[in-house]
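The values are calculated or read from the model by the stated rules, or taken from the named source; none is laboratory data. Only a predicted model underlies this, so the values are computations on that prediction, with no experimental measurement involved. Please note: Cβ atoms are built from the backbone with ideal geometry, for glycine as well, and neighbour counts cover all protein chains shown. The area values use the complete protein model at the heavy-atom level, side chains included, leaving out ligands, DNA and RNA. Shrake-Rupley method; radii C 1.70, N 1.55, O 1.52, S 1.80 Å.
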Amino acid sequence: MRRMDTIEWGGVQVTRIGLFENAPLTPAHFFPGTDPAQWQADRSWLAPEHWDPHADRVRIAVQAWLLRSAGRTVLVDTGLATDSARTGVPAGGPPLLDALAAAGVAAEDVDTVVCTHLHADHVGGNTVLAPCGERVPAFPRARYLFSRADLEFFDPRTLTEQPGRSAVVYAESVEPVLRAGQADVWEGGHVVDENLRLEPAPGHTPGHALLSLASGGERALFVGDVLHSPAQVRTPEVSSCFCHDPAAAARTRARVLHRAADEKALLVPAHFCGTGAVEVTRRGAHVFLGRWAAFG
Ligand SMILES: [Zn+2]
């Protein structure tokens, strides 16, 4: 398989912007209720890319997806912050703007920023520190798409601090975009352009979204954190410890996997290692991994 950074689906060019890989947690910690014996049974295709069996750690990638669609440049998620000096802001990886520059994209080129949800590892590159010491949108010409449900869920005025909900992350990565008037807040669904559409996919967070791509008979679903590991294709009922409503996340996961199989849509999650995206098939309620995409 020849591996590429950019693949074309229909009229849309999709580029993987890999930031870094990490292996922070055991499967039992990452996925409460998962069966360790199943990971051993699936070792032939989970290891080493998606699970380090020697250290017993789940491997995840932090990455963004860059779409060139209908004459526009669309960025899906922005990774972790890299330039924050404040405590309570998770940070890591190379600066997103450097990774984009390596792909030939300047900050001014980005027209639309899609945040699948408002967790720290999906909004960290939304803003940069200006010389005046204030945080400002990193993409000066872009409209940023936030779901109303996530904006309300993460709003510091109603927020009780708990894992994954941080007033500091909101202040650094969301508030400056609102202040600059660059946010478009959507609910129910949102048409980005003739190829791209945002839809609710709640559970991981209340306003979690997926971005569907349909162009020239080709389909893909950018599903964010609907799933974190290909192991969940086999056991969609198992949610991650980062899911705010694990039962709702599991229902959404099953629905999205069935849809991806039925529509023959490539599944593009936020955190898959390996080549990052995969086809799925199904027999009845059971979903199976198919061919992996050729991303490098
Ligand atoms: Zn995430």
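Laid out as a table, the results:
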read-out: In range of the label at C241: residues from the stretch 16-42 whose backbone nitrogen is under 14 Å from the point 7 Å along Cα→Cβ; value: 23-34
read-out: Efficiency of FRET between R179 and T281 - r from beta-carbon atoms, R0 45 angstrom, step 0.05; value: 0.45
read-out: Gyration tensor (alpha-carbon) shape descriptor, the stretch 78-224, a/c threshold 1.5; value: oblate
read-out: Solvent-accessible area per residue, Å², over the stretch 75-143 with all protein chains present [probe radius 1.4 Å]; value: 39
read-out: Net charge contributed by nearby residues that have their C-beta within less than 9 Å of V123 (K/R +1, D/E -1); value: -3
read-out: Note, ³J(HN,Hα) from phi for the stretch 12-24, Karplus 6.51, -1.76, 1.60, rounded to Hz, x at Gly and Pro; value: 10, 8, 10, 10, 7, 9, x, 9, 6, 10, 8, 9, x
read-out: FRET efficiency, 1/(1 + (r/R0)^6) with R0 22 Å, evaluated for A130 and A103 via beta carbons; value: 0.40
read-out: Sites excluded, trypsin sites (Lys or Arg not before Pro) in DSSP loops with at most 15 other C-beta within 10 Å, longest stretch of the chain; value: 158-263
read-out: Choice from F31, F154, F20 showing the highest fluctuation, given a GNM over the chain with Cα pairs closer than 10 Å; value: F20
read-out: The chain: angle of helix 246-263 to the longest principal axis, Cα-based, in degrees nearest 10; value: 80
read-out: Distant-in-sequence amide H partners of G290 (H built 1.01 Å from N, under 5 Å); value: E279, V280, T281
read-out: Relative contact order of the chain, pairs being alpha-carbon contacts under 8 Å that are 6 or more residues apart, as %; value: 17
read-out: Nonlocal amide H pairs with V113, under 5 Å, H built at 1.01 Å; value: L75, R143, Y144, L145
read-out: Part-to-part distance (alpha-carbon centres) for the stretch 20-61 and the stretch 97-151, which is given in Å; value: 30
read-out: Mean ellipticity per residue at 222 nm, deg cm²/dmol - from DSSP H runs of n ≥ 4 across the chain, formula -39500 (n - 2.57); value: -5500 deg cm²/dmol
read-out: Spread of Cα-to-Cα distances over 10 Å intervals beginning at zero, given as percent, for the chain; value: 6, 30, 38, 21, 4, 0
read-out: Among V185, V74, V128: highest mean-square fluctuation, GNM of the chain, C-alpha pairs under 10 Å; value: V185
